[in-house]
Amino acid sequence: MPRVTRRLFVTGATACLAWPVGAQDDPWQAVAARAAGLDQCHALMVQQGGVTRLQSVFRGPALGRVVPVKSVSKTLVAALTGAALDRGELPSIEARLGDVAPALIPRGVDPRVAEITVEDLVTMQAGLERTSGVNYGGWISSRDWVADALSRPFVAEPGARMLYSTGSFHVLGAVLSAVSGESLLTLARERLGRPLGIDLPAWTRDPQGRYLGGNEMALSLPDMIRFGEMYRQGGRWNVTQVLSADWVARSLQTHTRSPFSGLDYGYGWFLGRAGRDDYALARGYGGQIICIVPSLDLTVAITSDPTRPARSGGYFGDLMGLIEDAILPVARDGMA
């Protein structure tokens, strides 16, 4: 629980005054009050059993406005990878870069680049030097983002360990465009946006015109809920099977582990456990989160200030406390 300061008290009290009389007796409003006390948190939405239990905007853009979701974009690109596999555009998750998209490989690079698999990319285990963190600025300043990412030195063998890198997902997005013949924007709109009823605006492109894989996409809070609900329901939204149940199941299995948060990682999802319940997280810089808890029929979406960091020992830790110590207990009571 955050330390109670005068600022926190006033923020929480103001938020409570905005709710109807008797709301203090609603445990979900207690959750909202705790979230309101986190000054980076913009908005929170919770659905359980397909019913909206909570939606609150504390600061920042209005509920239905699209906002940058940062690296939640990686989870969207992972979903598009599943869609490509479902359609047979990729022969398997073990397909090698040299077989499915050889034209993306720069001349003169380490021969191991051709051996990198789709699974290595979607789990960020390509083995190449990271393009995220302190390397991000130099990477996006390069003339060719795909070539730059694939020309970096190997710091691990492909498939050996997770190296958090937006470059891996940008290469993956380029692969998806190569095998489908469509831009990543078109794929996102047709394979996710259309069946989910989500409007996906265009986002950043690299010098070759490829849409950035793994960052800068934008969704509204209800859009984030819809995407999470589709995964929670085994790839189904309403009557449409958006992604195969097999892909969703494999996405939510552990394939590696984050060296930063200590959370396990599947295909685009961070994986954790609180008590008896497993959960999956799509996580973006600043504190953009989609969390699904299938055992509780629960989906949570959080948007935050995208200009401020959210480290595991700081604000992201506060959000994990909000989810594990406040939201999950109320959701469990709702299942009783």
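Just checking, how many residues over the stretch 199-251 are assigned to a helix (DSSP H, G or I), within 22 Å of Gly88 (Cα to Cα) and not charged (D, E, K, R)?
We begin by selecting, within the stretch 199-251, every residue assigned to a helix (DSSP H, G or I); these are 221-232, 245-251.
Now narrow it down to the ones that are within 22 Å of Gly88 (Cα to Cα): 230-231, 245-251.
Next cut, not charged (D, E, K, R) only: 230-231, 245, 247-249, 251.
Looking only at that region, the number is 7.
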Just to check your reading of the model, which residue among Thr131, Thr52 is outside the structural domain of Ser180 (by TED's automatic domain parsing) and either part of a helix (DSSP H, G or I) or β-branched (Val, Ile, Thr) (or both)?
Thr52
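Of all residues being of a type in the set (Ser, Thr, Tyr) and not in a loop (DSSP other than H, G, I, E, B) in the stretch 81-118, which is nearest to Gln241 (Cα to Cα)? Just the residue, please.
The qualifying residue nearest to Gln241 (Cα to Cα) is Thr81.
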Please verify whether the stretch 262-281 includes one or more residues that are in a helix (DSSP H, G or I), buried (at least 18 other Cβ atoms within 10 Å of the Cβ) and aliphatic (A, V, I, L, M).
no
For Ala84, only one of the following conditions fails: (1) more than 30 Å from Arg308 (Cα to Cα); (2) in the same structural domain as Ala310 (by TED's automatic domain parsing). What is its number?
(2)
One residue is enough: does the stretch 312-327 have a residue meeting the conditions under 28 Å from Gly235 (Cβ atoms), at pLDDT below 95 and either touching a Pro at 6+ places or on another chain (Cβ under 7 Å) or not β-branched (Val, Ile, Thr) (or both)?
no
Tally the residues that are touching a strand residue (DSSP E or B) at 6+ places or on another chain (Cβ under 8 Å) and part of a helix (DSSP H, G or I), restricting the search to the stretch 300-319.
3
Sort out which residues of the stretch 282-299 are over 20 Å from Val51 (Cα atoms), part of a strand (DSSP E or B) and not basic (Lys, Arg), and write them in order of number.
Ala282, Gly284, Gln288
Yes or no: the stretch 3-19 includes at least one residue that is modelled with pLDDT of 95 or more and either under 28 Å from Asp297 (Cβ atoms) or in the same structural domain as Ser142 (by TED's automatic domain parsing) (or both).
no
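The values are calculated or read from the model by the stated rules, or taken from the named source; none is laboratory data. From a predicted model like this one, the values you see are computed outputs, not experimental measurements. So basically every Cβ, Gly included, is an ideal-geometry build from the backbone, and we count neighbours across all protein chains shown.
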